[in-house]
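Everything on this sheet refers to the single structure shown next.
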Amino acid sequence: MTDKNGFFDLSKTTVTRRTALKGLAAGAGLAMAPGFVRYSQAQSSAPIKIGFQSHRTGIGAAYGRWYEKTTAAAIKAINAAGGINGRQVEVIIEDDGTDPGRGAEVVGKFATQHKTDIVFGTLFSHVVIGSAPAAGEAKMPYFVVSEGHHVASTKLNRYVFQPGITDVKSQIKSMAPWIAANAGKKVTQIFPDFAFGYDHRDYLPPALKAQGAEVIAQIAIPPTESSFTKYFPQIPAETEVIYHVMVGPAVLTFVKELGEFYGSNRPQLFGFIDSLEAVDINSPGLEFLDGSHFWEGSPRYAQPDDTEAQKAYRAAVGIDDNGAAVGDPKDVSTAAHMFGCWETLYVVKKAMEDAGYKGPEDRAKLVEATEALKEFAEGPEHPQGPKTFNGKIHQCFGIQNISKVEGGKLKVVHKTKIEDGLYEAEGDYTTQAL
Amino acid sequence: MSEASPAKAYALHLGAIALLFVLSFLLPEYYHGLLARIMVLAVFAMGYNMLFGYVGLLSLGHAMFFGAGLYGAGLAIIQLGWSVPAAFTAGLGCGAVLSLIIGLLALRSTGVAFMIVTMMFAQVFYLAILYFAAWTGGDQGMVVPQPARVLTFGGTSLDLTNPTVRYMSALALFSLVLLMMLAIVRSRFGRVLVAIRENEERTKMLGYDTFSNKLAAVVVSGTICAASGAAYALLFGYVGSSFASVQYSILPLLWVLLGGAATTLGPLVGTLFMYYVIDVTSGYTSAYLLIVGIALILLVLFFPRGILGSIRQRWLGWLP
């Protein structure tokens, strides 16, 4: 298929058309493959339609893939148990490209073309914030699994909920007591110089101060940076703990260079596993993390004290004891976050049942029923652990895990209490008109 | 290119506007909402076309002008509590001032250097948004509160979040800019711009101040893009840094290339085409950008002047 100059030339072969057709057929086949949840609509009543705003492409693609797997598993379990209000549940997936502009269009598409009952599943904060106005205007309940503080900040609108995963402000607050008591009192923060980093920059110092510890330096690293060695001399010598939340592909370089900088004589390291979601903890260069600690929403590795619900959840989603896809040890999951999809869907189920939800005309009732929820008990529907829900700020609060890297695995060494992460509400969505 | 009678050209454009108006009543709900967004972004493309199509200056930094309008209007409402008309004017003002400054600096270069200089300025603008995250919301962006997005005239108020009001507002802006573009293209100023594109040295020798004309074009282009950004913030309620990223500098270039550079209606056609290809193909495969890429290659191969540009070249020489 190359011409005499060696250039690719589509016009000089007839095979190309066939290849193109094969490609199209393969594309269509892919669209039917597992991960795209399509259920027969032969039920006696029309299915409840959930619009899944998925990060299939763009920076969130690794998360998007696992969010889809978890969602498919949860929907399968819900449908097998009779669905919601006796109706089967159908998921319609649209890719938002991890882009806030496209995200808003996708929410509009769910509301006006697919006419879904709710929209669900968004992770990246900028996509949530970009899509929230579209959801509010369409009066479309929008259940996100983002962990951002945006929902609880009450800056969005009454139709946006985060009932399946604790927000980052609460996560950070609940880490402080353990860090101060076990890792050290003098903390240096290294974080990416954008919003995800700013949450940590802003919420950690007061939380540590309340525990008698302090942040002695904050080092913001520009998102375009690919080498980090020049920042390390800024780390004060008296630092007892380095709190790091670098994310993205640069994290491997970051850890490697930090290891080269300190050698064997390093301060304690504490990080958020967000840096290493979908990344094998045994990747070359990450050896330096051995003995360090991480926040995990839900543990990646199976733990000796896992509950039956946790075991059943892992089996249903298809992750092995190392948190990778069953049958593909290299396909590491985003275990610390994706449980939120499973739990959110069960919250939706509960709220729809409480509201006697019949269709889009009952969306306002669904919002009120969700706001009325108070707590979720640990069990098959909430395998990560028990949670409380604040209907005024549309945010749940759960336990968090602190895990130690030991022998190439993450071992949970501490579980926080729900109360560790509670904070004063910043507003009240329920005062907004429906 | 043969010259159309003014009546013919204006009839075509008024017809296009009338068609968009009628479509408001015919389109299904989803496409109604999508077309409102496309019209706002087509204004962005028209602003880009002003410089790229008519002056021949390829900028890779127009996202900063869109961003100036987006943030100018958005911050005026969110941080200062201004009304919708005042915020829109603030957006336009930001775009005009920024484009004047950028024009004065960047027009010292031409060709590839102009492209790189504009891209660098846009990158500075983008990083400034991230740097001043306390005010701009950084990479997460900000929501323009729904209650603030109301246009009040005396006793009556128009809710910009209402789909019909939003569509008609987008159409009004689009129509205004379209007719303005047509008037510019047919004016003495527009002809000087085309002359600069064709041969700047000769235009200079004929006694025209090409720098002033190019600067005026940058300011008009930047202000139109800012109008689009301001309208986006007010009509769709989100202000975010991704709209100032390099991707949004490349998108208007693609829309204009697709629709036809230096055609007045080309930007709308290009934006419309690109949006629908993405919307339809993303329903079938996550590799939709591959399909978009193939569509672009095919268009460049068979319609190198873009859709309307090729139509003008082959059949309708009078098309403005």
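FYI, it's all coordinate maths here, none of it is from the lab. Quick caveat, the model's predicted, so the values are computed rather than measured. As a convention, Cβ positions derive from the backbone with ideal geometry for all residues, glycine included, and neighbour counts pool all protein chains shown.
If the only charges are +1 at each Lys and Arg Cβ and -1 at each Asp and Glu Cβ, what is the size of the charge dipole of region B:135-229 around the Cα centre, to the nearest 20 debye?
Here region B:135-229 has a charge dipole of around 300 debye.
The alpha-carbon of residue A:49 sits under 12 angstrom from the alpha-carbons of these aspartates and glutamates, leaving out residues fewer than 8 places away in its chain: A:90, A:117. The mean sequence distance of close C-alpha pairs (under 8 Å, at least 6 residues apart), as a share of the length of chain B, puts its relative contact order at 32 percent. For region A:115-123, putting each phi into the Karplus relation 6.51 cos²θ - 1.76 cosθ + 1.60 with θ = phi - 60° gives couplings of 6, 6, 7, 9, 10, 8, x, 6, 10 Hz, in residue order, rounded to whole numbers and with x for Gly and Pro. With the biggest extent put first, the Cα atoms of chain A measure 71, 66, 40 Å across the principal axes. Counts of other chain beta carbons within 10 angstrom of each beta carbon in peptide B:28-36 average 4.
Within 10 Å of the Cβ of each residue in B:49-62, the mean number of Cβ atoms contributed by other protein chains is 0. Within straight-line reach of residue A:374, meaning a Cα separation under 14 Å, sit the following aspartates and glutamates at least 8 residues removed in sequence or on another chain: A:354. Place a label point 7 angstrom from the Cα of residue B:208 along the Cα-to-Cβ direction, then list the residues of region B:168-201 whose backbone nitrogen is under 14 Å away. So the set is B:184-201. Here each label is just a point 7 Å from Cα along the line to Cβ, and for residue A:153 and residue A:419 those points are 3.0 nm apart. What the Cβ-Cβ distance of residue A:282 and residue A:307 gives, at R0 = 30 Å and to the nearest 0.05, is a FRET efficiency of 0.70.
Other chains near B:307-320: what is the mean number of their Cβ atoms within 10 Å of each residue's Cβ?
Averaged over the peptide's residues, the number is 0.
Both radii come from the Cα set of the protein assembly as shown: Rg as radius of gyration, Rh as Kirkwood radius; their ratio Rg/Rh reads 0.99. Span-like helices, chain A: DSSP H, alpha-carbon axial extent 18 Å or more, mean Kyte-Doolittle 0.0 or greater, which ones? Qualifying helices, which must be both long enough and hydrophobic enough, are A:15-32, A:125-137, A:335-355.
Placing a label point 7 Å from the Cα of residue A:315 along the Cα-to-Cβ direction, the residues of region A:376-405 with a backbone N closer than 17 Å are A:379-384. For residue A:218, the residues 5 or more places off, or on other chains, whose built amide H falls under 5 Å of its own are A:189. Screening chain B for whole DSSP H helices of 24 Å or more along their axis (Cα) with average Kyte-Doolittle hydropathy at least -1.0 returns B:6-26, B:29-49, B:84-106, B:111-131, B:163-186, B:210-236.
Relative to one another, the C-alpha centroids of region A:313-373 and region A:197-272 are positioned 33 Å apart. Calculated on the alpha-carbon coordinates, the convex hull of region B:6-245 measures out at 131 cubic angstrom per residue. Full extension of the chain between residue A:209 and residue A:378 yields a length gain of 57.7 nm, computed as 0.36 nm times the residue separation minus the alpha carbon distance. Rounded to the nearest 20, the Cβ-based charge dipole of chain A about its Cα centre (Lys and Arg +1, Asp and Glu -1) stands at 1000 debye.
Here the dipole of the protein assembly as shown is about 2340 debye; that uses its Cα centre as origin and unit charges on the Cβ of Lys and Arg (positive) and Asp and Glu (negative). The residue list B:41, A:149, B:57 was ranked by how far each Cα lies along the charge dipole of the protein assembly as shown toward its positive end, using unit charges on Cβ atoms, and B:57 comes out on top. Averaging Cα coordinates gives a centre for region A:117-162 and one for region B:159-211; these two points are 39 Å apart.
Ranked by the mean number of other Cβ atoms within 10 Å of their residues, highest first, the peptides B:130-143, B:53-66, A:59-72 come out as B:53-66, A:59-72, B:130-143.
Here's the list of aspartates and glutamates a cross-link from residue A:392 could span, going by alpha-carbon distance under 13 Å and ignoring same-chain residues fewer than 8 apart: A:368, A:371, A:424, A:426, A:428. I need the calculated FRET efficiency for the pair residue A:406 and residue A:217, taking r as the beta carbon distance and R₀ as 22 Å, to the nearest 0.05. Computed FRET efficiency for residue A:406 and residue A:217: 0.20.
Each of residue B:153 and residue A:262 was given a label point 7 Å from its Cα along the Cα-to-Cβ line. The distance between the two points is 6.5 nm. If a spin label sat at a point 7 angstrom from the Cα of residue B:112 along the line to its beta carbon, no backbone N atom of region B:290-320 would be nearer than 12 Å. Computed over chain A, relative contact order equals 16 percent, with contacts defined as Cα pairs under 8 Å that lie 6+ residues apart.
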